[in-house]
1. Can you list residue pairs whose Cβ atoms sit under 6 Å apart, with the first residue in segment 141-159 being within 10 Å of the ligand (Cβ to nearest atom) and the second being open to solvent by less than 90 Å² (accessible area, probe 1.4 Å) and assigned to a loop (DSSP other than H, G, I, E, B)? Count only pairs 6 or more apart in sequence or on different chains.
2. Within segment 164-185, which residues are near the ligand (Cβ under 9 Å from one of its atoms) and open to solvent by less than 60 Å² (accessible area, probe 1.4 Å)?
3. Given the criteria modelled with pLDDT of 95 or more, surrounded by 12 or more Cβ atoms within 10 Å (Cβ to Cβ), in contact with a Lys or Arg (Cβ under 8 Å, 6 or more places away or on another chain) and outside the structural domain of residue 7 (by TED's automatic domain parsing), does residue 262 qualify?
4. Determine which single condition residue 162 fails, assuming it passes every other condition in (1) in the same structural domain as residue 76 (by TED's automatic domain parsing); (2) assigned to a loop (DSSP other than H, G, I, E, B); (3) not polar (S, T, N, Q).
5. For residue 208, indicate whether it is within 15 Å of the ligand (Cβ to nearest atom), open to solvent by 10 Å² or more (accessible area, probe 1.4 Å) and among the hydroxyl-bearing types (Ser, Thr, Tyr).
6. Which one is nearest to residue 149 (Cα to Cα) among residues in segment 1-26 that are surrounded by 16 or more Cβ atoms within 10 Å (Cβ to Cβ) and of a type in the set (S, T, N, Q)?
7. Exactly one of these conditions fails for residue 268: (1) at pLDDT 95 or above; (2) not assigned by TED's automatic domain parsing to the domain that holds residue 138. Give me its number.
8. Take the residues of segment 131-159 that are farther than 15 Å from residue 7 by Cβ and either in contact with a helix residue (DSSP H, G or I) (Cβ under 7 Å, 6 or more places away or on another chain) or not assigned by TED's automatic domain parsing to the domain that holds residue 39 (or both): which is surrounded by the fewest Cβ atoms within 10 Å (Cβ to Cβ)?
Amino acid sequence: MNFHIMTLFPEMVLQGLNTSIIGRAMEKGLINIEAVNIRDYAYNKHNKVDDYIYGGGAGMLMQAEPVYLCYEAIKEKIAYAKGDKSADVSGDCATDEKKSEDSTDNRDSAGTEHKCKDRLRVVYLTPQGEVFTQKKAEELAKEEDIILLCGHYEGIDERVLEEIVTDNISIGDYVLTGGELPAMIVVDSVSRLIPGVLNNDVSAEFESFQDGLLEYPQYSRPEIWHDKKVPEVLLSGHHANVDKWRHEQAVQRTRERRPDLYERYVSDSKNRT
Ligand code: SAM
């Protein structure tokens, strides 16, 4: 899987991602992460990519053209890598409208209908997007290429966002200085779903959110630490009892810590029966 990160601070994302599990996944060629400097596409001699905001207001805005040129360059590179100049990585949906009419499942995890199902995914990291979830990570993990667009300053000129962005993702209801940390979060969570990235594929299977519940508590050696003993059932070797205990703990923990998730879990369980 290939991540193409459009940013004004490429070293920040690359340095943050090239260690531990994600770094090893890059070394093994399971994922490829390129950070492309939007400033390289500035079309003035001072390499300026931001300007004042029409209508007034504090701060500066990233201009449309450098972002667009950077996107076009990445898009071409992807098409070239696919060995097909006509590969359907088009930013506009014209060629895809027929396909879209025929498709029954053009919705993303937020239920937003995408005009072009097979369109190259361009994710803008923005506090105005749908809040990122495990479900969205699973959806993105099916893509071969994803472009992640990081804003800075007061954000990006709306016109280029309208032209190129397919998904708006927020990592939470707070405002950061730039989209780099959110992009790194998306890359990390999507990458660990790629087969082979985690040593043990099972460890991605039984984790918080995957079945709508938070994960149960876990323990490692020693059996007693600070007078706290590992729950007896986990030492019993009785797999069915261990599974039952873990499920009960997951339900209890979700009810206590995330009542919103718990309510959804209960209503989904009722619908399934
Ligand atoms: N003026 C924008 C607004 O009020 O929506 C906020 C701009 S913010 C200071 C600069 C950049 O940081 C954004 O363009 C976005 O890329 C990124 N950013 C900030 N908070 C974010 C969040 N919660 N999730 C994702 N990206 C975020």
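1. Close Cβ pairs satisfying both conditions: 150/179; 151/179; 152/8; 153/59; 154/59.
2. Within segment 164-185, 169, 170, 171, 172, 178, 179, 180, 182, 183 qualify.
3. Values: modelled with pLDDT of 95 or more: yes; surrounded by 12 or more Cβ atoms within 10 Å (Cβ to Cβ): yes; in contact with a Lys or Arg (Cβ under 8 Å, 6 or more places away or on another chain): yes; outside the structural domain of residue 7 (by TED's automatic domain parsing): yes.
When the stated conditions are applied, residue 262 passes them.
4. Against the list (1) in the same structural domain as residue 76 (by TED's automatic domain parsing); (2) assigned to a loop (DSSP other than H, G, I, E, B); (3) not polar (S, T, N, Q), residue 162 comes up short only on (2).
5. Values: within 15 Å of the ligand (Cβ to nearest atom): no; open to solvent by 10 Å² or more (accessible area, probe 1.4 Å): yes; among the hydroxyl-bearing types (Ser, Thr, Tyr): yes.
Here the answer is no, as residue 208 does not meet what is asked.
6. Of everything passing the filter in segment 1-26, 7 is nearest to residue 149 (Cα to Cα).
7. Status for residue 268: all satisfied but (1).
8. If we filter segment 131-159 for residues that are farther than 15 Å from residue 7 by Cβ, which is where we start, we get 131-145, 154, 157-159.
With either in contact with a helix residue (DSSP H, G or I) (Cβ under 7 Å, 6 or more places away or on another chain) or not assigned by TED's automatic domain parsing to the domain that holds residue 39 (or both) added as a condition, the list becomes 132, 137, 140-141, 145, 157, 159.
Details: 132: 22, 137: 19, 140: 24, 141: 17, 145: 21, 157: 19, 159: 13.
Among those that are farther than 15 Å from residue 7 by Cβ and either in contact with a helix residue (DSSP H, G or I) (Cβ under 7 Å, 6 or more places away or on another chain) or not assigned by TED's automatic domain parsing to the domain that holds residue 39 (or both), it is 159.
The values are calculated or read from the model by the stated rules, or taken from the named source; none is laboratory data. Predicted model, so just to flag it, every value in this text is computed and none were measured. Heads up, the Cβs are rebuilt from the backbone with ideal geometry, glycines too, and the neighbour counts pull from every protein chain shown. Areas reflect the complete protein model, heavy atoms only, side chains present, ligands, DNA and RNA absent. Shrake-Rupley method; radii C 1.70, N 1.55, O 1.52, S 1.80 Å.
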